[in-house]
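The values are calculated or read from the model by the stated rules, or taken from the named source; none is laboratory data. These figures come from a predicted structure and were not determined experimentally. Quick reminder, even Gly has a Cβ in these numbers, built from the backbone with ideal geometry, and neighbours come from all protein chains shown. To get the accessible areas, we keep the full protein, side chains included, count just its heavy atoms, and leave off ligands, DNA and RNA. Shrake-Rupley method; radii C 1.70, N 1.55, O 1.52, S 1.80 Å.
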Amino acid sequence: NAYLHLTNATTGTTTGDGLSVLVTNSTGQAIINQREAQPLAFYTSGSERARILAGGGLTFNGDTATANALNDYEEGTWTPTFEAGSASVANALYIKIGRFVQVAAVISAFTDRTSSANLDISGLPYASASDNKTSQSIMCRFINAGGDSVAAYIANSVSKIQFYGISQGAGYAKVNHNELNNSTANLFITCTYRAA
């Protein structure tokens, strides 16, 4: 068993069987260090509620499987890039929880509305997983892709979003820059995908 004693000293270290505690009142830190390759578990009412695995990651309510551990949480911005021309970008944000990534952006004022280049947006903050295939609706205007709607698609092992025109009774087709038929064409994007 590891015995734990917290002292009110400005800086103090107490060690037990493989466990050390550092208390630093001057900076407001309390550091618990499991020095052996063992997990650190937290209990209430006699039951395990959370566990920090020795290799990293957090599990809950007695689950000890590494595959089920929450091992990442991030929020940040990303920088969309384009196959042709440029555009104005706003609110390009992402949240990553474990392997799931949600990206969002508002894209407008495309400088290229004449070329046949695909309307692909690269620069995703994480490449997609090898088994990822994600298709999601978007809100857009002034895109004449010849279909009934436009969908965003993130394939496997890529760092880009592709756009397809969807038609009832027909196949889907890639959206090109020359199908942006107005200077005020824009895209409101929110996509969730699995990261590699």
Quiz item: Which ones in segment 162-193 are open to solvent by 60 Å² or more (accessible area, probe 1.4 Å) and within 25 Å of the chain's Cα centre (by Cα)?
Solution: Phe188, Thr190
Quiz item: Quick check: is even one residue across segment 126-143 touching a Gly at 6+ places or on another chain (Cβ under 9 Å), open to solvent by 20 Å² or more (accessible area, probe 1.4 Å) and of a type in the set (S, T, N, Q)?
Solution: no
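Does segment 144-161 contain at least one residue that is among the acidic types (Asp, Glu), over 23 Å from the mean Cα position of the chain (by Cα) and modelled with pLDDT under 95?
Quick first cut of segment 144-161, residues among the acidic types (Asp, Glu) only: 148.
Applying the additional criterion that residues be over 23 Å from the mean Cα position of the chain (by Cα) yields 148.
Going one step further and asking which of them are modelled with pLDDT under 95, we end up with 148.
Yes; the residues of segment 144-161 include at least one that is among the acidic types (Asp, Glu), over 23 Å from the mean Cα position of the chain (by Cα) and modelled with pLDDT under 95.
Where in segment 98-167 are there strands (runs of 3 or more DSSP E), lying wholly inside it, with at least 1 residues that are among the small types (Gly, Ala, Ser)?
Details: elements: 100-108, 134-137, 139-141, 149-154, 160-166.
Strands (runs of 3 or more DSSP E) meeting the threshold: 100-108, 134-137, 149-154, 160-166.
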Quiz item: Are there any pairs with C-beta distances below 9 angstrom linking a residue in segment 61-74 that is under 16 Å from Phe42 (Cα atoms) to a residue that is surrounded by 12 or more Cβ atoms within 10 Å (Cβ to Cβ) and of a type in the set (Phe, Trp, Tyr), with the two at least 6 apart or on different chains, and if so which?
Solution: Leu70/Phe60
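Might you check whether a residue that is closer than 16 Å to Thr81 by Cβ and either free of Cβ contacts under 8 Å to residues at least 24 places away in the same chain or of a type outside the set (Val, Ile, Thr) (or both) occurs anywhere in segment 130-150?
As a first pass, look at segment 130-150 and keep what is closer than 16 Å to Thr81 by Cβ: none.
The answer is no, given that none of the residues of segment 130-150 is closer than 16 Å to Thr81 by Cβ and either free of Cβ contacts under 8 Å to residues at least 24 places away in the same chain or of a type outside the set (Val, Ile, Thr) (or both).
Output yes when any residue across segment 11-31 is touching a His at 6+ places or on another chain (Cβ under 6 Å), over 19 Å from Thr190 (Cβ atoms) and at pLDDT below 95, and no when none is.
Of all residues in segment 11-31, those touching a His at 6+ places or on another chain (Cβ under 6 Å) come to 14.
Right, trim to over 19 Å from Thr190 (Cβ atoms) and you get 14.
Checking the rest, the ones that are also at pLDDT below 95 come to 14.
The answer is yes, given that some residue of segment 11-31 is touching a His at 6+ places or on another chain (Cβ under 6 Å), over 19 Å from Thr190 (Cβ atoms) and at pLDDT below 95.
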Self-check item: Candidates Ala90, Ala109, Ala105, Ala117, filtered to the one that is crowded, with 16+ Cβ neighbours inside 10 Å, modelled with pLDDT of 95 or more and more than 20 Å from Ala196 (Cα to Cα)
Solution: Ala105
Self-check item: Residue match in segment 69-82 (condition: at pLDDT below 95, outside any strand (DSSP E or B) and exposed (fewer than 12 other Cβ atoms within 10 Å of the Cβ))
Solution: no
Quiz item: Can you spot a residue in segment 60-68 that is modelled with pLDDT under 95, open to solvent by less than 90 Å² (accessible area, probe 1.4 Å) and hydroxyl-bearing (Ser, Thr, Tyr)?
Solution: yes
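Residues of segment 90-106 being within 9 Å of the chain's Cα centre (by Cα) and not charged (D, E, K, R), which ones? Lay out the reasoning, then the answer.
Going residue by residue through segment 90-106, those that are within 9 Å of the chain's Cα centre (by Cα) are 94-103.
Once the filter is applied, which keeps residues that are within 9 Å of the chain's Cα centre (by Cα) and not charged (D, E, K, R), segment 90-106 yields Tyr94, Ile95, Ile97, Gly98, Phe100, Val101, Gln102, Val103.
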Practice problem: Give segment 128-150 a look and list any residue that's of a type in the set (Gly, Ala, Ser) and under 22 Å from Lys96 (Cα atoms), or say none. | Solution: Ser128, Ala129, Ser130, Ser135, Ser137
